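Report on the following structure.
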Amino acid sequence: MSDGAYLRYVALGDSQTEGVGDGDDATALRGWADRLAETVARSSPGLRYANLAVRGRLAGQVRAEQLAPALALRPDLATVVAGVNDLLRPRVDVDAVAGHLESMFAALGAQGARVATLTFPDPARIAPLARPVSHWVVALNDRIKEAARRHDVVVVDASHHPVVTDPRMWSADRLHASPRGHALIAAAVAHALGVPGSDDSWTRPLLPAPAARAGWRAVGREVRWAGSFLGPWILRRVRGRSSGDGRQAKRPDLLPVAAPTEGIR
């Protein structure tokens, strides 16, 4: 950094960091990393930003494919968010996933970057059928925080805030944040980094929503979700396919940041 201003921000990760759920492929994705870059640029007007994230990537793939290009860009700010795709596999080695993340923390930090990461909310509070994954999420979150302490990484540990699992923060597939959810993540990371103008307003609950349907209607909602999103996802896994097959980073080079727009609400 120079005079407290970031010059080069590089984002590494999977679909959340790519911005899936905030915009679409036809009109361009935005996402929390884009929104964070816009926020940082308010106090660092010379900021340039690259986003190397690609949907569907496992933590090991993020390390293998994105770390070297990220280091070559010599960021003074980097975000590393990955691991959820690993947890959704039938067999997962949480220690190995955390090891990939820690290697990225160490390499980026050793080069002088300020590194930030996220922990993940309990998926059962977003999609009840995802309850079998909850214990893996807790285990990975613990390891992320341990690794972050060893490498002076900023951790946004927001899972205990009820707003994080408000259904309005999630897209219809319940796997990716909605535009409002992406804005919340960006605000949370900015606050954790101490970006000028950021605060803890992102932690406040949204205004009450209409009561959710209960009973058989709720069961029907879960069945429709499983048929529309969970089933196709499982089918891709069985076929050995990924939503990121054939895709490349949307913003592989450091480019100037556009002016920021709206916030969370």
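Things to note:
- Region 107-145 versus region 51-80: alpha-carbon centroid distance in Å: 17 Å
- Cα gyration tensor shape of region 1-113, rounded if a/c is under 1.5, else prolate or oblate by comparing a/b with b/c: oblate
- One Cα centroid belongs to region 1-50, the other to region 182-209; the line between them spans 15 Å.
- Net charge over other residues, Cβ less than 14 angstrom from the Cβ of Arg150 (K, R count +1; D, E count -1): -1
- Per residue, the convex hull around the alpha carbon atoms of region 99-215 comes to 120 Å³.
- Additional length obtainable on full extension of the chain from Ala68 to Ile126, 0.36 nm per residue less Cα span: 17.5 nm
- Of the solvent-accessible surface of region 1-149, computed with a 1.4 Å probe and all protein chains present, 52% belongs to carbon and sulfur.
- Simple spin-label estimate for Leu206 and Asp157 gives 2.6 nm between the two label positions (7 Å along the Cα-to-Cβ direction from each Cα).
- Between Asp173 and Leu7, the modelled label-to-label distance comes to 3.8 nm, taking each label 7 Å out from Cα in the direction of the beta carbon.
- For region 9-60, a Kirkwood radius taken over Cα pairs fed into Stokes-Einstein (25 °C, viscosity 0.890 mPa s) yields D = 214 µm²/s.
The values are calculated or read from the model by the stated rules, or taken from the named source; none is laboratory data. Since we're looking at a predicted model, the values are computed, not measured. So basically every Cβ, Gly included, is an ideal-geometry build from the backbone, and we count neighbours across all protein chains shown. With ligands, DNA and RNA removed, areas are computed over all heavy atoms of the protein, side chains included. Shrake-Rupley method; radii C 1.70, N 1.55, O 1.52, S 1.80 Å.
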